[in-house]
Amino acid sequence: MKIACIGDSLTEGRPGVSFLKLLTAKHQHIEFDNLGKPGETVKSLHTRLEKSKLATYYDLSFLWIGVNDVYAKLLKVQAQPVTKDHQEFKDYYVNCLEMILASSKHVVLVTPALIGETIKNTSNMELKELSSIIQSISSKYTNVSFLNMQEVFEHHLEPVNSSDYMNTNVMRVMKDVLFYKNPLRK
(Lines give C-alpha, C1' and ligand atoms only; values in the text may rest on other atoms or scores of the structure.)
Protein backbone atom coordinates (compact mmCIF):
# COMPACT_ATOMS: atom_id res chain seq x y z
CA MET A 1 0.00 0.00 0.00
CA LYS A 2 1.22 3.51 -0.88
CA ILE A 3 0.11 6.56 1.08
CA ALA A 4 0.81 10.21 0.28
CA CYS A 5 0.75 12.89 2.97
CA ILE A 6 0.37 16.28 1.29
CA GLY A 7 0.41 19.61 3.10
CA ASP A 8 2.49 22.12 5.01
CA SER A 9 5.16 22.00 7.73
CA LEU A 10 2.86 20.04 10.06
CA THR A 11 2.75 17.32 7.42
CA GLU A 12 6.49 17.53 6.85
CA GLY A 13 7.18 17.31 10.57
CA ARG A 14 8.33 20.79 11.58
CA PRO A 15 8.70 21.92 14.27
CA GLY A 16 9.19 18.89 16.44
CA VAL A 17 8.29 15.35 15.65
CA SER A 18 7.31 14.02 12.24
CA PHE A 19 4.24 11.87 12.60
CA LEU A 20 5.25 10.25 9.30
CA LYS A 21 8.41 8.86 10.90
CA LEU A 22 6.27 7.37 13.65
CA LEU A 23 3.83 5.87 11.14
CA THR A 24 6.66 4.47 9.01
CA ALA A 25 8.25 2.83 12.05
CA LYS A 26 4.92 1.37 13.19
CA HIS A 27 3.69 0.28 9.74
CA GLN A 28 6.81 -0.90 7.94
CA HIS A 29 4.76 -2.76 5.32
CA ILE A 30 3.24 0.54 4.10
CA GLU A 31 5.11 3.01 1.89
CA PHE A 32 4.59 6.63 2.97
CA ASP A 33 5.54 9.64 0.83
CA ASN A 34 5.99 12.84 2.81
CA LEU A 35 4.93 15.65 0.49
CA GLY A 36 4.75 18.35 3.17
CA LYS A 37 6.39 21.73 2.61
CA PRO A 38 6.90 24.40 5.29
CA GLY A 39 4.81 27.55 4.89
CA GLU A 40 2.56 26.01 2.25
CA THR A 41 -0.82 27.65 1.65
CA VAL A 42 -3.61 26.29 -0.50
CA LYS A 43 -2.55 28.67 -3.29
CA SER A 44 1.13 27.67 -3.17
CA LEU A 45 0.18 23.98 -3.00
CA HIS A 46 -1.97 24.47 -6.09
CA THR A 47 1.02 25.98 -7.92
CA ARG A 48 3.28 23.14 -6.75
CA LEU A 49 0.81 20.46 -7.91
CA GLU A 50 0.35 22.19 -11.27
CA LYS A 51 4.11 22.39 -11.86
CA SER A 52 4.84 18.83 -10.83
CA LYS A 53 1.98 16.36 -10.84
CA LEU A 54 2.07 13.52 -8.35
CA ALA A 55 4.53 11.05 -9.86
CA THR A 56 2.97 7.99 -8.28
CA TYR A 57 -0.52 6.54 -8.01
CA TYR A 58 -1.50 6.25 -4.35
CA ASP A 59 -3.93 3.94 -2.62
CA LEU A 60 -4.59 6.68 -0.11
CA SER A 61 -3.69 10.37 0.18
CA PHE A 62 -4.10 12.76 3.09
CA LEU A 63 -4.51 16.47 2.34
CA TRP A 64 -3.69 18.64 5.40
CA ILE A 65 -3.54 22.28 4.36
CA GLY A 66 -5.05 25.59 5.44
CA VAL A 67 -3.46 26.74 8.70
CA ASN A 68 -0.92 28.96 6.88
CA ASP A 69 -3.75 30.59 4.92
CA VAL A 70 -4.74 32.18 8.24
CA TYR A 71 -1.39 32.28 10.06
CA ALA A 72 0.40 34.05 7.18
CA LYS A 73 -2.01 36.98 7.56
CA LEU A 74 -0.68 37.53 11.10
CA LEU A 75 2.92 37.82 9.90
CA LYS A 76 4.40 41.05 8.61
CA VAL A 77 5.97 39.15 5.70
CA GLN A 78 4.17 36.52 3.64
CA ALA A 79 6.42 33.87 2.14
CA GLN A 80 3.57 32.25 0.20
CA PRO A 81 0.48 33.76 -1.44
CA VAL A 82 -2.79 33.52 0.47
CA THR A 83 -6.34 33.53 -0.82
CA LYS A 84 -8.27 36.79 -0.62
CA ASP A 85 -11.50 35.26 0.72
CA HIS A 86 -13.24 31.99 1.55
CA GLN A 87 -14.62 31.51 -1.96
CA GLU A 88 -11.12 31.71 -3.45
CA PHE A 89 -9.88 29.31 -0.74
CA LYS A 90 -12.65 26.86 -1.70
CA ASP A 91 -11.86 27.15 -5.42
CA TYR A 92 -8.13 26.50 -4.92
CA TYR A 93 -8.83 23.69 -2.45
CA VAL A 94 -11.18 21.92 -4.87
CA ASN A 95 -8.60 22.27 -7.66
CA CYS A 96 -5.90 20.78 -5.41
CA LEU A 97 -8.22 17.94 -4.46
CA GLU A 98 -8.99 17.22 -8.13
CA MET A 99 -5.27 17.04 -8.95
CA ILE A 100 -4.68 14.67 -6.02
CA LEU A 101 -7.68 12.50 -6.95
CA ALA A 102 -6.18 12.05 -10.42
CA SER A 103 -3.37 10.10 -8.70
CA SER A 104 -5.18 8.60 -5.70
CA LYS A 105 -7.78 5.94 -5.12
CA HIS A 106 -9.05 7.67 -1.97
CA VAL A 107 -8.31 11.04 -0.31
CA VAL A 108 -8.79 12.07 3.30
CA LEU A 109 -9.27 15.80 3.84
CA VAL A 110 -7.83 16.86 7.20
CA THR A 111 -8.94 20.12 8.80
CA PRO A 112 -6.32 22.77 9.57
CA ALA A 113 -4.81 22.65 13.05
CA LEU A 114 -5.13 25.47 15.56
CA ILE A 115 -3.12 28.66 15.86
CA GLY A 116 -2.04 29.18 19.43
CA GLU A 117 -3.69 27.38 22.31
CA THR A 118 -6.73 29.60 22.84
CA ILE A 119 -9.51 27.82 20.98
CA LYS A 120 -11.80 30.82 20.52
CA ASN A 121 -9.22 33.33 19.24
CA THR A 122 -9.98 35.14 15.96
CA SER A 123 -7.58 33.01 13.92
CA ASN A 124 -9.06 29.74 15.18
CA MET A 125 -12.57 30.96 14.45
CA GLU A 126 -11.50 31.58 10.84
CA LEU A 127 -9.89 28.13 10.73
CA LYS A 128 -13.22 26.71 11.92
CA GLU A 129 -14.89 28.38 8.93
CA LEU A 130 -12.28 26.88 6.59
CA SER A 131 -12.90 23.49 8.21
CA SER A 132 -16.62 23.81 7.41
CA ILE A 133 -15.74 24.58 3.80
CA ILE A 134 -13.47 21.52 3.67
CA GLN A 135 -16.17 19.32 5.17
CA SER A 136 -18.65 20.61 2.61
CA ILE A 137 -16.21 19.80 -0.21
CA SER A 138 -15.65 16.26 1.12
CA SER A 139 -19.37 15.49 1.06
CA LYS A 140 -19.48 15.92 -2.72
CA TYR A 141 -17.17 12.96 -3.46
CA THR A 142 -17.65 9.23 -2.88
CA ASN A 143 -13.91 8.56 -2.67
CA VAL A 144 -13.14 11.38 -0.22
CA SER A 145 -13.36 11.25 3.58
CA PHE A 146 -13.24 14.02 6.17
CA LEU A 147 -11.08 14.03 9.32
CA ASN A 148 -11.82 16.84 11.78
CA MET A 149 -8.40 17.21 13.39
CA GLN A 150 -9.42 20.57 14.80
CA GLU A 151 -11.95 18.83 17.06
CA VAL A 152 -9.19 16.53 18.33
CA PHE A 153 -7.00 19.52 19.25
CA GLU A 154 -9.95 21.33 20.83
CA HIS A 155 -10.82 18.28 22.92
CA HIS A 156 -7.30 18.19 24.34
CA LEU A 157 -6.99 21.95 24.87
CA GLU A 158 -10.43 22.73 26.35
CA PRO A 159 -9.66 21.53 29.88
CA VAL A 160 -6.18 23.08 29.86
CA ASN A 161 -5.35 26.56 31.11
CA SER A 162 -3.22 27.85 28.25
CA SER A 163 -1.71 31.10 27.09
CA ASP A 164 -2.77 33.16 24.11
CA TYR A 165 0.85 33.45 22.96
CA MET A 166 1.32 33.32 19.20
CA ASN A 167 4.62 34.38 17.73
CA THR A 168 4.20 36.62 14.69
CA ASN A 169 7.80 37.82 14.44
CA VAL A 170 9.11 36.17 11.27
CA MET A 171 12.70 35.84 12.48
CA ARG A 172 11.58 34.32 15.79
CA VAL A 173 9.28 31.85 14.00
CA MET A 174 12.15 30.83 11.69
CA LYS A 175 14.44 30.40 14.67
CA ASP A 176 11.80 28.35 16.53
CA VAL A 177 11.26 26.09 13.51
CA LEU A 178 14.85 25.72 12.32
CA PHE A 179 16.49 25.36 15.71
CA TYR A 180 13.79 23.45 17.56
CA LYS A 181 15.37 21.27 20.21
CA ASN A 182 13.58 18.11 21.08
CA PRO A 183 13.66 17.85 24.89
CA LEU A 184 14.38 14.12 24.54
CA ARG A 185 17.64 14.85 22.66
CA LYS A 186 20.66 15.88 24.66
From the list Thr47, Thr24, Thr56, pick out the single residue that is modelled with pLDDT of 95 or more and out of contact with any helix residue (DSSP H, G or I) (no Cβ under 6 Å at 6 or more places or on another chain). Thr47
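Yes/no matrix, rows are residues, columns are (1) hydrophobic (A, V, I, L, M, F, W, C); (2) in contact with a helix residue (DSSP H, G or I) (Cβ under 7 Å, 6 or more places away or on another chain):
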position: Lys43; (1), (2): no, yes
position: Lys51; (1), (2): no, no
position: Lys90; (1), (2): no, yes
position: Val110; (1), (2): yes, yes
position: Glu117; (1), (2): no, yes
position: Thr122; (1), (2): no, no
A careful count of residues in the range 118-153 that are assigned to a loop (DSSP other than H, G, I, E, B), free of Cβ contacts under 8 Å to residues at least 40 places away in the same chain and either among the polar types (S, T, N, Q) or open to solvent by 70 Å² or more (accessible area, probe 1.4 Å) (or both) gives 5
Would you mind listing the strands (runs of 3 or more DSSP E) fully within the range 21-117 where at least 3 residues are open to solvent by less than 60 Å² (accessible area, probe 1.4 Å) and free of Cβ contacts under 8 Å to residues at least 40 places away in the same chain? 31-36
Residues of the range 1-20 satisfying the condition of being at pLDDT 90 or above and open to solvent by less than 60 Å² (accessible area, probe 1.4 Å): Lys2, Ile3, Ala4, Cys5, Ile6, Gly7, Asp8
Checklist (1) out of contact with any strand residue (DSSP E or B) (no Cβ under 9 Å at 6 or more places or on another chain); (2) within 30 Å of Lys2 (Cα to Cα) applied to Thr83, failing item: (2)
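The values are calculated or read from the model by the stated rules, or taken from the named source; none is laboratory data. These numbers were taken from a predicted model, which means no experiment stands behind them. A quick note on method: Cβ atoms are made from the backbone with ideal geometry, for glycine too, and the neighbour counts reach across all protein chains shown. Please note that ligands, DNA and RNA were not included when accessible areas were found on the heavy atoms of the full protein model with its side chains. Shrake-Rupley method; radii C 1.70, N 1.55, O 1.52, S 1.80 Å.
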